[in-house]
1. Residues VAL269, VAL276: which one is in the same structural domain as GLN160 (by TED's automatic domain parsing), under 18 Å from the mean Cα position of the chain (by Cα) and buried (at least 22 other Cβ atoms within 10 Å of the Cβ)?
2. Report, by residue number, each residue of region 239-265 that is loosely packed, with under 15 Cβ neighbours inside 10 Å and not aliphatic (A, V, I, L, M).
3. Out of the residues in region 216-231 meeting the condition of being among the hydrophobic types (A, V, I, L, M, F, W, C) and assigned to a helix (DSSP H, G or I), tell me which one is farthest from SER120 (Cα to Cα).
4. Here is a check on your reading of the model: is ASP217 under 18 Å from ALA132 (Cβ atoms), of a type in the set (Asp, Glu), surrounded by 18 or more Cβ atoms within 10 Å (Cβ to Cβ) and in contact with a helix residue (DSSP H, G or I) (Cβ under 6 Å, 6 or more places away or on another chain)?
5. Just checking, how many residues over region 91-122 are over 18 Å from the mean Cα position of the chain (by Cα) and of a type in the set (A, V, I, L, M, F, W, C)?
6. If the Cβ limit is 7 Å and pairs must be 6+ apart or interchain, which residue in region 243-272 that is at negative phi pairs with which residue that is of a type in the set (Phe, Trp, Tyr) and surrounded by 20 or more Cβ atoms within 10 Å (Cβ to Cβ)?
7. Touching a residue at least 24 places away in the same chain (Cβ under 8 Å), assigned by TED's automatic domain parsing to the domain that holds GLN278, within 15 Å of ASP199 (Cβ to Cβ) and buried (at least 17 other Cβ atoms within 10 Å of the Cβ) - does that describe any residue in region 122-134?
8. Only one of ARG88, ARG43 is among the charged types (D, E, K, R), assigned by TED's automatic domain parsing to the domain that holds GLY21, more than 24 Å from the chain's Cα centre (by Cα) and modelled with pLDDT of 95 or more. Can you tell me which?
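The values are calculated or read from the model by the stated rules, or taken from the named source; none is laboratory data. Worth saying up front: this structure is predicted, and the values here are computed from it rather than measured. Please note: Cβ atoms are built from the backbone with ideal geometry, for glycine as well, and neighbour counts cover all protein chains shown.
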Amino acid sequence: MTTSASIEVPDQFAASYGANGADARAWLAGLPRLGGELLDRWRLRPDGPAAYGMASLVFPVRQPDGTPAVLKLQQLREETAGASAGLRAWNGNGIVRLLDHDEQSGTQLLERLDATRTLSSVADDDAMRILADLMARLTSVPAPSGLRRLSGIAAAMLDQASQAVPALRDQDEQRLVRTCASAVAELIGEPGDRLLHWDLHYDNILAGEREPWLAIDPEPLAGDPGFELLPALDNRWDQVEVTGDVARAVLRRFDLLTEALGLDRNRAVGWTLGRVLQNALWDIEDGKPTLEPAQVAIATTLLHRR
């Protein structure tokens, strides 16, 4: 297939993402051609410089009728393989709207939001209420078939936990991770079936025209909404610490979220401990001998609430 269009991959993104290995570099090498083919196929014209995060490139474009949109390119990975299925199920309700999708490459054509205004620009209490409302709307949707399921992820975590825990330097942290694993073991028989975003925090919520605020960058998962809370609880952690009472601030966020979502608080505590377990296992896999202090504070606070 020939193409008259192309895209330019920013050098900084190529350098940072290329450090992930040969597969990442091969994907980067094919991006100019892939982007050009999709510009031609969807009859898009570039409309500004690219933006990028840790793992994706976003190009502002105009559709044939002049409507602004963005072309999002990211390497197909397990975490993002269900992103388009999730966006179709949500159908723009509280989240960016999917306009088109290339299944083979995972590239998405999305409605354009204001990337210069994230929910982090809003005062913490107001921002948490906005996030809680969006989370309640997103988790009200049943997960479509074919997505990864929390049951499988939880089972894998329990398999890994016993071997991973000794790598932690502090015995109190070892006990904490074992307690988190016990909480998951209690809940694994009821993993839930809601459509989860899995990474909903202030910086993944942008200002829009269709709605004041809309979520972006889901990593869809089928499961219990309690597994969704941790990114919001430890988001903008400096605002929690500055209150002078970390436990009170954590519980304030936790209560606001669980009330908005109508969750059983004991189950929500258990699945939040499961999320702490997941982050701990990732950190141990990366060679870290200690847990993130925010994660320890949240887990300890919620265990005292039980």
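1. Working: VAL269 fails: under 18 Å from the mean Cα position of the chain (by Cα).
Unique residue meeting the criteria: VAL276.
2. As a first pass, look at region 239-265 and keep what is loosely packed, with under 15 Cβ neighbours inside 10 Å: 241-245, 248, 255, 259, 262, 264.
Across region 239-265, the qualifying residues are GLU241, THR243, GLY244, ASP245, ARG248, ASP255, GLU259, GLY262, ASP264.
3. Filtering region 216-231 for residues among the hydrophobic types (A, V, I, L, M, F, W, C) gives 216, 221-222, 227, 229-230.
So of that shortlist, the ones also assigned to a helix (DSSP H, G or I) come out as 227, 230.
Working: PHE227: 22, LEU230: 16 Å.
Checking each candidate, the answer is PHE227.
4. Working: under 18 Å from ALA132 (Cβ atoms): no; of a type in the set (Asp, Glu): yes; surrounded by 18 or more Cβ atoms within 10 Å (Cβ to Cβ): yes; in contact with a helix residue (DSSP H, G or I) (Cβ under 6 Å, 6 or more places away or on another chain): yes.
It is false that ASP217 is under 18 Å from ALA132 (Cβ atoms), of a type in the set (Asp, Glu), surrounded by 18 or more Cβ atoms within 10 Å (Cβ to Cβ) and in contact with a helix residue (DSSP H, G or I) (Cβ under 6 Å, 6 or more places away or on another chain).
5. Adding up the residues that qualify gives 3.
6. Filtered contacts from region 243-272: TRP271/PHE227.
7. Within region 122-134 (the criterion being touching a residue at least 24 places away in the same chain (Cβ under 8 Å), assigned by TED's automatic domain parsing to the domain that holds GLN278, within 15 Å of ASP199 (Cβ to Cβ) and buried (at least 17 other Cβ atoms within 10 Å of the Cβ)), the answer is yes, since at least one residue qualifies.
8. On the way: ARG88 fails: more than 24 Å from the chain's Cα centre (by Cα).
The unique qualifying residue is ARG43.
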